[in-house]
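Peer 1: Just passing along the structure, written as C-alpha cells.
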Amino acid sequence: MHQFIDRRANPKGKSHGNRQRFLRRARDNIKERVDRSVRDKSIQDGDGAAPEGEKVTIPSKGLQEPRFFHGPGGNRKYVLPGNKEFVVGDTIPKPDGGSGQGGRKASEDGEGDDDFSFTLTRDEYLEILFEGLELPDLVEKSTVETETIGTRRAGLTTAGTPNNLNLVRTMRNSLGRRIALRRPSAQAEADLRAQIEMLEALPSRTAAQAELLEQLQARLEGLQRKRKVVGYIDPIDLRFDTHVPEKIRKSRAVVFCLMDVSGSMQEREKDLGKRFFLLLHLFLSRCYEHTELVFIRHTHLAEEVDEETFFYARETGGTIVSTALDKMREVIAERFPPEEWNIYGAQVSDGENFGNDSARCKKLLLEDLLPVCQYYAYMEIVEESAESLLNDTEAGDDLWQNYRLVKAQAPHFEMQRVAHAAHIYPIFREFFLPRIRGGQNA
C-alpha cells in the first residue's frame, strides 16, 4: 500500500491544511466581509488586497470545532482543582455593583457573539473576491497559432544534464547503497586512528600491545580500502529529472478598456471609472494567464496609452465617444484577428456626448465591433442626486438611449449605471458572471 506524504512547506507559523478547512467552513461569512471590504477601499489601494494580506472580522458563532465528550451514565471519577477561599457549603458573595463588564459589545450585524478577526493572505483574498467569475463565452480558437510547445515533468532518469540533477533522490540512493554495502563511516576511521596514535605514543610497548597495534593498522588499511571502493557518490546513484514536450493550447483573449476623460468627467466620475478598471485589471491578471489589455482614453480624440497613463494621467477636452470605438476597431484590424482572439470590450462614460455622435456609436457597435466581440460591457456614471435613474431604463442621455437599442439587438452587450463607489463591485460581478452567448447567466 502506497503512502503519500505532503512535504510542502507551510506558511510561517500556520498549518496550511487546518487553515484551508477553516476557510471552507466559514466561507459564506468570509465572502460577505470580503465583498463589503472591496466596496469601501480607496482608489489609492490600487490592486485590492495589501501585499501582506487583508484583515477580516467574522462572527465567532458556528466556528467551534467538533469534539468528542462522555455521554450521561457510567461510573466516573473527577479530580477538581481546590481553592484557598471556599469550602463545601460556603455561599459565594455577589460581586459589587458596577464591577461587571456590562455585557458584550453589539456587532454590526446584530449577532450577540464575540467577533473573530484574522488575516487572509493576498492569494486567499483574491480567490474569494473573484470566485465564480469568468470572461463570458471564452472559446478555444481553432487556429494553429494558439498551440505552443511546453514541457511537463515525466519522472526520473539515470542520465541527464547537471542542472536537472535531483539531489534528494540521488542522496537517498547513495545512502541506501552505502548501508547495503556496509561502507565504513568517517567516524569509525577517526576512532581507529585515535587508538593507533595512543598506542604509538607509548614509550615502550608490550608484546600484546605491539600485536594489537599491528591488528589495528591492518584494520585501518582495510577500512580505507573499502571506503575507496565503496564511494560516497557512485554513478549508479545519480537520478535526473526528465521533461517531455507537450502541446499547450491557449485560449487567447484581449480586453479593450475604453474610458471617457473629457471635461464632463469630474474627479468623482474618473475615480469611479478607475475603480471599475482596476478591479477588471486585477481580475484578468489573477485568473487568466494569456490575456492582453488595450487601454484607450478619449476626449474629442482617442489614443491608445499604457497602463500608467490610463490610470493616472490627467487630461480634459470635449466629448466624442465614437473616437474611442474607431480606435478600438483600428487596433483589432491591426493586431487582433477575430479568428485567433477572443475579443472583449469594457467602456465607462458619464453618458454625455457631442451632437448626434451617439447614433454613430450605435452604428459602430452593431456593424463593426459587436460582430467580432465575445462580450461588451458598458458602465455609465450618473450624479449622486440622480440615483433614482439607476433602475429607470427609459430616462437618460442620448448615448444611453442609443445603447439601449444596441442591447435590444445584441444579447452579448450589457449596460449598467452607478452612482456610488459601493455600486462598483456588485455591477462588476453582474458583468462577469458565467453566461452563455444568448446573454443569460449560466
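Peer 1: Would you mind telling me the share, in percent, of accessible area of the stretch 150-305 contributed by carbon and sulfur at probe 1.4 angstrom? Intermediate results must be reported in sequence, preceding the final value.
Peer 2: Numbers: 4850 of 9110 Å².
The nonpolar share, carbon plus sulfur, comes to 53 percent.
Peer 1: Could you tell me the largest-minus-smallest coordinate of the C-alpha atoms of the stretch 165-220 on each of the three principal axes, in descending order and whole angstroms?
Peer 2: Result, largest extent first: 54, 17, 11 Å.
Peer 1: Once R0 is set to 35 Å, what does the formula 1/(1 + (r/R0)^6) return for the Cβ-Cβ distance between Asp191 and Leu156, expressed as a FRET efficiency to the nearest 0.05?
Peer 2: Values: r = 37 Å, r/R0 = 1.06.
Taking R0 as 35 Å, the efficiency between Asp191 and Leu156 is 0.40.
Peer 1: Hey, another quick one. Once you sort the root eigenvalues of the Cα gyration tensor of the stretch 260-380 as a ≥ b ≥ c, which label holds: rounded (a/c under 1.5), prolate (a/b larger than b/c) or oblate (the other case)?
Peer 2: On the way: a/c = 1.80, a/b = 1.14, b/c = 1.58.
Note, shape of the stretch 260-380 comes out oblate.
Peer 1: Sorted by mean Cβ packing within 10 Å, highest first, what order do the peptides 253-262, 184-193, 415-424 take?
Peer 2: Working: 253-262: 23.6, 184-193: 12.6, 415-424: 18.3.
Order by mean packing, descending: 253-262, 415-424, 184-193.
Peer 1: Also, I was wondering about something else. Place a +1 charge on the Cβ of each Lys and Arg in the stretch 214-322 and a -1 charge on the Cβ of each Asp and Glu, then give the dipole magnitude about the Cα centre in debye, rounded to the nearest 20.
Peer 2: Values: 17 positive and 18 negative charges, 155 e Å.
Value, rounded to 20: 740 debye.
Peer 1: Another question, if that's okay. In nm, to one decimal, how far is the modelled label at Ala201 from the one at Ala180, with both set 7 Å along Cα→Cβ?
Peer 2: Rounded to a tenth, the inter-label distance reads 4.1 nm.
Peer 1: Compute the length gained on full extension between Asp28 and Glu308: take 0.36 nm times their separation in residues and subtract their Cα-Cα distance, giving the result in nm to one decimal.
Peer 2: Taking 0.36 nm per residue and subtracting the Cα distance, the gain is 97.2 nm.
Peer 1: State the extension gain, in nm to one decimal, for the chain segment bounded by Asp90 and Val168, taking 0.36 nm per residue of separation less the distance between their alpha-carbons.
Peer 2: 21.3 nm
Peer 1: Sorting check: for 334-347, 167-180, which peptide has the highest mean count of neighbouring beta carbons within 10 Å, and how do the rest follow? Working shown, then result.
Peer 2: Values: 334-347: 18.4, 167-180: 13.6.
So the peptides 334-347, 167-180, ranked by packing, come out 334-347, 167-180.
Peer 1: Another question, if that's okay. Expressed in nm to one decimal, what extension gain is obtained for the pair Leu301 and Val331 from 0.36 nm per residue of sequence separation less their Cα-Cα distance?
Peer 2: Numbers: separation 30, 0.36 × 30 = 10.80 nm, distance 1.52 nm.
Taking Leu301 through Val331 to full extension adds about 9.3 nm, to one decimal.
Peer 1: From the convex hull of the Cα coordinates of the stretch 165-296, what is the mean projected area in square nanometres?
Peer 2: For the stretch 165-296, the mean projected area of the Cα convex hull comes to 18.4 nm².
Peer 1: Would you rank Arg205, Arg297 by solvent-accessible area, highest first, keeping every protein chain in place and using a 1.4 Å probe? Can you show the working numbers first?
Peer 2: Values: Arg205 110, Arg297 5 Å².
Ranking Arg205, Arg297 by accessible area, largest first, yields Arg205, Arg297.
Peer 1: How big is the stretch 279-338 along each principal axis, measuring the range of its Cα positions in Å and listing the largest first?
Peer 2: Taking max minus min along each principal axis of the Cα atoms, the stretch 279-338 gives 36, 28, 14 Å.
The values are calculated or read from the model by the stated rules, or taken from the named source; none is laboratory data. Predicted model, so just to flag it, every value in this text is computed and none were measured. Glycine gets a Cβ as well: all are built from the backbone with ideal geometry, and neighbour counts include every protein chain shown. For the accessible areas, the whole protein counts, side chains as well, though only heavy atoms, and no ligand, DNA or RNA atoms are used. Shrake-Rupley method; radii C 1.70, N 1.55, O 1.52, S 1.80 Å.
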